[in-house]
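Have a look at the structure below, then the notes.
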Amino acid sequence: MNDRPIGVFDSGFGGLTVARALIDLLDDEDIVYVGDTGRYPYGPRPGDEVRRFAHEIAEHLVGVEDVKMIVAACNTASSVALDELRFDFDVPIVGVIEPGARAAVAATRNGEIGVIGTTGTIASGAYQRAVAAIHGVQRVHYAACPGFVEFVERGELDGDPVHVLAERLLSPLKEAGVDTLLLGCTHYPFLARTIADVMGRDVVLVSSAEETAFDVRAILESTGLGRRFASKGTHRFLSSGDPGWFVTMGSRLLGPELVAAESVVFGR
């Protein structure tokens, strides 16, 4: 059994959906969250650059924070860097792609699944491969949604501009008749109300956050890495951008656990 923390990282605030799920499911575990707000968003960046960023953060989590596991709570990083991270670091590393794909396949009723994500995530083909690996799934429709992450990072979660953008980007999926929409970016659940308004009440929105938390719990149990003593876990938050802004924005999205953030610098 192991009392070291679980490390979670994302380009900014989106991974707080995963942190929320982990806190709720594993309330005795310590969590260290890194929001790389100094370099967000990852979606439009080249894959090599995202891999470098992910490696720098993982190196900090393992070498400085001494984490026992890493959750790449960023779809873009999971799509391009997960295999390399698993090769380079001797701790379990969990992504959000496979858990999300499983949840979407389980939720669909008519077999028509939509997947939305950043340009980088969709272009990587990671969700295409993950869904294709699940037997019996044939009809999946993909759409990149540039601009969604930026709205979330600015705290603009509703209103006419984001609604108009959502209508334009999601129209092909509506026309395809999807009954399940996988939010293939951890920022997107914060836009769930707008996305649901556009897609209609009959479309089920699926987030990978809860399914990822279940995967983390299963790994802790199977490897004996869970905490030795049941006690309330601690939660630390690090930001590569402005910590004050991170607290202001992040606390609205995560909840009362986020009361302070520490500054962290990468790329030196």
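None of the figures in this text is laboratory data; all of them are computed from the coordinates on show. Only a predicted model underlies this, so the values are computations on that prediction, with no experimental measurement involved. Heads up, the Cβs are rebuilt from the backbone with ideal geometry, glycines too, and the neighbour counts pull from every protein chain shown.
Chymotrypsin sites (Phe, Trp or Tyr not before Pro) within the stretch 216-268: which are DSSP loop residues with at most 12 other Cβ atoms inside 10 Å? The partial results should precede the final answer.
Numbers: sites: PHE229, PHE237, TRP245, PHE246, PHE266; in loops: PHE229, PHE266.
In loop regions of the stretch 216-268 (DSSP not H, G, I, E or B), the sparsely surrounded chymotrypsin sites (Phe, Trp or Tyr not before Pro) are PHE229.
Largest first, please: the extent of the C-alpha atoms of the stretch 1-157 along each principal axis, to the nearest Å.
The Cα atoms of the stretch 1-157 stretch 45, 34, 32 Å along their principal axes.
Hull surface divided by four, with the convex hull built on the Cα atoms of the stretch 214-268: how many nm²? Numbers along the way, then the final one.
On the way: hull surface 23.3 nm².
Mean projected area for the stretch 214-268: 5.8 nm², to one decimal.
Normalised by the residues of the stretch 97-208, what does the relative contact order come to in percent, with Cα pairs under 8 Å and at least six apart?
Working: 186 pairs, mean separation 42.2, N = 112.
Result for the stretch 97-208 is 38 percent.
Counting other Cβ atoms within 10 Å, which trypsin sites (Lys or Arg not before Pro) in the stretch 125-207 have at most 10 and lie in a DSSP loop?
Loop-located and lightly packed - ARG154, ARG201.
Would you order ILE134, ILE116 from fewest to most other beta-carbon atoms within 10 Å of each residue's own beta-carbon?
Values: ILE134 14, ILE116 25.
If I rank by nearby Cβ atoms, fewest first, I get ILE134, ILE116.
Amide H neighbours of ILE31 under 5 Å, at least 5 residues apart or on other chains, H built in the peptide plane: list them.
ILE6, THR234, HIS235, ARG236
For the chain, what relative contact order do you get, as a whole percent, if you take Cα pairs closer than 8 Å and at least 6 residues apart?
28 percent
Return the tail of the calculated pair distribution for the chain, meaning the percent of Cα-Cα pairs more than 26 Å apart. Don't skip to the answer; put the middle values down first.
Working: 13237 of 35778 pairs.
Counting every Cα pair in the chain, those more than 26 Å apart make up 37 percent.
By per-residue mean of other Cβ atoms within 10 Å, what is the highest-first order of 83-92, 212-221? Display every interim value, and only then the final one.
Details: 83-92: 14.8, 212-221: 18.1.
Descending packing order for the listed peptides: 212-221, 83-92.
When DSSP assigns beta bridges and you keep just the ones with both residues in the stretch 1-118, what percent turn out antiparallel, to the nearest 5?
Here the share of antiparallel DSSP bridges comes out near 0 percent.
Take the Cα atoms of the stretch 163-268, build their convex hull, and give its volume per residue in Å³.
194 Å³
Ratio of the stretch 97-208's C-alpha Rg to 2.2 N^0.38 Å, to two decimals? Could you put the intermediate results ahead of the total?
Details: Rg = 12.9 Å, N = 112, 2.2 N^0.38 = 13.2 Å.
Against the empirical 2.2 N^0.38 Å value, I get 0.98 for the stretch 97-208.
Taking the stretch 142-179, which GluC sites (Glu not before Pro) meet the DSSP loop condition and have no more than 10 other C-beta atoms within 10 Å?
Sparse-neighbourhood loop GluC sites (Glu not before Pro): none present.
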